[in-house]
Each structure stands twice: as C-alpha cells, then as structure tokens.
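Heads up, the thing below is written out as structure tokens.
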Amino acid sequence: MERIISPSMLSADFGHLDRDTRMIDESAAQWIHIDVMDGVFVPNISFGFPVMKPIRRASAKFLDVHLMIVEPEKYLRRFAEAGADLVTFHYEATQDPLGAIRMIKECGVKAATPVEVLGELLPELDLVLIMSVEPGFGGQSFMEGSWEKVRRLRRMIDDRGLPVLIEIDGGVSASNAGDLFAAGCDALVAGSAVFGAADPKAEIVKMLE
C-alpha cells in the first residue's frame, strides 16, 4: 500500500505562499491539501479560487481540495477548472450528495466525502475523509475516537473489494503517522506538524517512514 502525505496549505505562511508551495513541491509529499472554508459551514474563512490558481502553477503535485462550504455543488466545476485533482465535500452540506459526487466525476476529478454517511455512496467514491479534529481550524489535537472509524471503514472497503482510499485530517504528526498507516489509512493530511517543523521536508520523510 502506498503511503501518501498531503501537507495542508492552511498552515503555510500566506505571505510566502509561492515559496512554501515550491518547498512542498520539492519534498517527498505526494499531494497538496487545500482547505476551503466559507465561514458558514465552519466558523472560519480560508481561501478559494484566486489562491488555488497560483498553487496550481507552482506545483505539478496532486491537488487534494477539501470543501468545508455550504452548497458545494455550486462551485464544483470551478474548483475542477482551477486545478483540483480530488474534491472532498461534507455530505450534510448538500441536499443531493450523490448528484454532487457525479458532478465531480463529470469534471474528470476524483470524488470524496467524510465517513459518517456512506452506504450506497461508497462504490461511487475514490476516497473517504475522516476528520480527526473538529473541522474549521488548524493545530488541533488528534481525537482518539478516530482510530475506530479508520478500522471500521477499512473493513467496509476491504469486505466489498472497493478501490477506495482512506484519508485522515487533523492532529497528524510523525509520532502517530506510522500507526495511522498501519490502521488502514492511505493518505495523511498534516498542517502544523509540517509547516511548524524546523525542517519541513525532513518531517515529511519521517511521516512516510
């Protein structure tokens, strides 16, 4: 199983976004995670299309876009056009989750959703995101109840023989990365643990090891 690290640009230095994006582009991380927050679905506001485009220009890596916004279907095509390779939305943010998934696929982008409501949606997905902190803020501690979600989801995917990836977001660091991969995660989102490290590139390598 491939191990994937997806550094969250929410923890980058916004005054030096090009520098930090290029640093991640030169690192061992395979993906770049972009958190989009609208101040409605979550109590914080981050960035959108104008910031995504220069990140896309500065890196050829896989752009992992996490939408924490209401009515994501209004914006899915624009995020695909801005360079997203995968789009995650929260099922409770839309009245038609299956329609949103299919819209993402029509744009030629991979589709993902958090784990809480899956059932018939699981075969339609490329990735399921487990939030291991409360959505909306960086730098939080890992919620221990997330371990069982990972294991339960891994069993659901394996029992049905589906090629669905598991990604976890929140409180990820070199101290728990190995255990998270072992529990069944394929991709780890890490923000402050990467950008707050003295040597971010070395920290990414530690997580992959």
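Give me the dipole magnitude in Debye, nearest 20, for the stretch 58-141 about the Cα centre, with unit charges on the beta carbon: positive for Lys and Arg, negative for Asp and Glu.
Computed about the Cα centre, the dipole is about 320 debye.
Pop the C-beta distance of Q140 and K201 into the FRET formula with R0 = 35 Å and round what comes out to the nearest 0.05.
Efficiency for this residue pair is about 0.90.
Note the direction-averaged projected area, equal to a quarter of the hull surface, for the Cα convex hull of the chain, in nm².
About 10.5 nm², averaged over all directions.
In the stretch 39-183, if the dipole is taken from +1 on Lys/Arg beta carbons and -1 on Asp/Glu beta carbons about the Cα centre, which of A112, M131, Y91 is farthest to the positive end?
Farthest towards the positive pole: A112.
Taking the Cα centre of each part, how many Å lie between the stretch 138-162 and the stretch 51-82?
25 Å
Give me a comma-separated list of calculated 3J(HN,Hα) values for the stretch 178-184, in order, Karplus coefficients 6.51, -1.76, 1.60 applied at θ = phi - 60°, integers in Hz, x for any Gly or Pro.
Going residue by residue, I get x, 5, 5, 4, 5, 6, x Hz, with x marking Gly and Pro.
Between E26 and D85, what is the FRET efficiency for a Förster distance of 22 Å, r being their Cβ-Cβ separation, to the nearest 0.05?
About 0.75, to the nearest 0.05.
How long is the gain from S192 to R77 if the chain were fully straight, where each residue apart is worth 0.36 nm and the alpha carbon distance is subtracted?
38.5 nm is the gain from fully extending S192 to R77.
Going down the list K53/K74; K74/K110; K110/K201, which pairs span over 21 Å between their C-alpha atoms?
Going by Cα-Cα distance, K110/K201 fall outside the 21 Å limit.
Let me spell out the model: positive unit charges on the Cβ of Lys and Arg, negative unit charges on the Cβ of Asp and Glu, origin at the Cα centre of the stretch 128-184. What dipole size does that give, in debye rounded to 20?
The dipole of the stretch 128-184 has a size of about 200 debye.
Suppose a student asked you for the relative contact order of the chain, using Cα pairs under 8 Å spaced at least 6 residues apart; what percent would you report?
Worked out over the chain, it gives 21 percent.
Could you list which residues have their amide H under 5 Å from that of L165, counting only those 5 or more apart in sequence or on another chain, with H placed in the peptide plane?
Here the answer is L127, V128, since their amide H atoms fall under 5 Å of that of L165.
For the chain, what does -39500 (n - 2.57) per DSSP helix run (n ≥ 4), summed and divided by total residues, give at 222 nm, in deg cm²/dmol to the nearest 500?
Using -39500 (n - 2.57) per qualifying helix, the result is -10000 deg cm²/dmol.
Check D35: other-chain or 5+ apart residues with amide H under 5 Å from its amide H, H built from backbone geometry?
Those qualifying (amide H under 5 Å, at least 5 residues apart or on another chain) are M9, L10, H66.
Only bridges with both residues in the stretch 83-209 count here: give the DSSP antiparallel percent, nearest 5.
If we restrict to bridges inside the stretch 83-209, about 0 percent are antiparallel.
Taking chymotrypsin sites (Phe, Trp or Tyr not before Pro) as exposed when DSSP calls them loop (any state but H, G, I, E, B) and at most 16 other Cβ atoms lie within 10 Å, what is the longest stretch of the chain free of them, the sites themselves excluded?
The reported range is 48-136.
For a quick check, take a GNM of the chain with Cα springs below 10 Å and name the residue from G196, G99, G119 with the largest mean-square fluctuation.
Of the options given, G119 has the highest mean-square fluctuation.
Readers should treat all values here as calculations from the given coordinates under stated rules, not as data from a laboratory. Because the structure is a prediction, the values reported are computed rather than measured. Glycine also receives a Cβ, built like all others from the backbone with ideal geometry; neighbour counts cover every protein chain displayed.
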